[in-house]
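Rule-based calculations on the coordinates, nothing more; no lab input. From a predicted model like this one, the values you see are computed outputs, not experimental measurements. So basically every Cβ, Gly included, is an ideal-geometry build from the backbone, and we count neighbours across all protein chains shown.
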Amino acid sequence: MPVKRKSRGRRKGDKGSESLVHCDNCGALVPRSKIQRVTVRSSLVRGDLARELKQMGAYIAENVLVKNLCISCAIHYGILKVRSRDERKPKQFL
């Protein structure tokens, strides 16, 4: 049977059960290894003003926001892609 993702959607390995984390978008409880962490940097200053200040040599602080998204929200927002049928390898029989 084909598998959609190489890691089967987890990074757990053989650790056993894990703690659950809430998705920041939909609130679903998801195992910690299945969460997609997304880091978004946003400037506190408008772009044209930031360019002028950088040319003058000023340091501009950025606000860093880290989001935990479940698989379905990550796919919906385009962070993850579903592999095409050609890339989904069928199980190899030994």
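List of remarks:
- Residues considered: LEU44, LEU20, LEU65. Largest GNM mean-square fluctuation over the chain, using C-alpha springs under 10 Å, is found at LEU44.
- Residue-by-residue Karplus 3J(HN,Hα) for the stretch 35-46, coefficients 6.51, -1.76, 1.60, Hz, glycine and proline x: 5, 9, 8, 10, 9, 10, 9, 10, 7, 8, 10, 4
- Amide H partners (placed H, <5 Å) of VAL21, local residues excluded: VAL30, ARG32
- For peptides 9-18, 73-82, 30-39, sequence by mean Cβ density within 10 Å, most packed first: 30-39, 73-82, 9-18
- Annotation for GLU52 and VAL38: the two label points, set 7 Å from Cα along the Cα-Cβ direction, are 3.3 nm apart.
- Look at the alpha carbon pairs under 8 Å that are at least 6 residues apart: their mean separation over the length of the stretch 7-88 gives a relative contact order of 29 percent.
- Computed [θ] at 222 nm, deg cm²/dmol, the chain (DSSP H ≥ 4; -39,500 (n - 2.57); rounded to nearest 500): -4000 deg cm²/dmol
- Between ALA61 and ARG5, the contour length at 0.36 nm per residue exceeds the Cα-Cα span by 16.4 nm.
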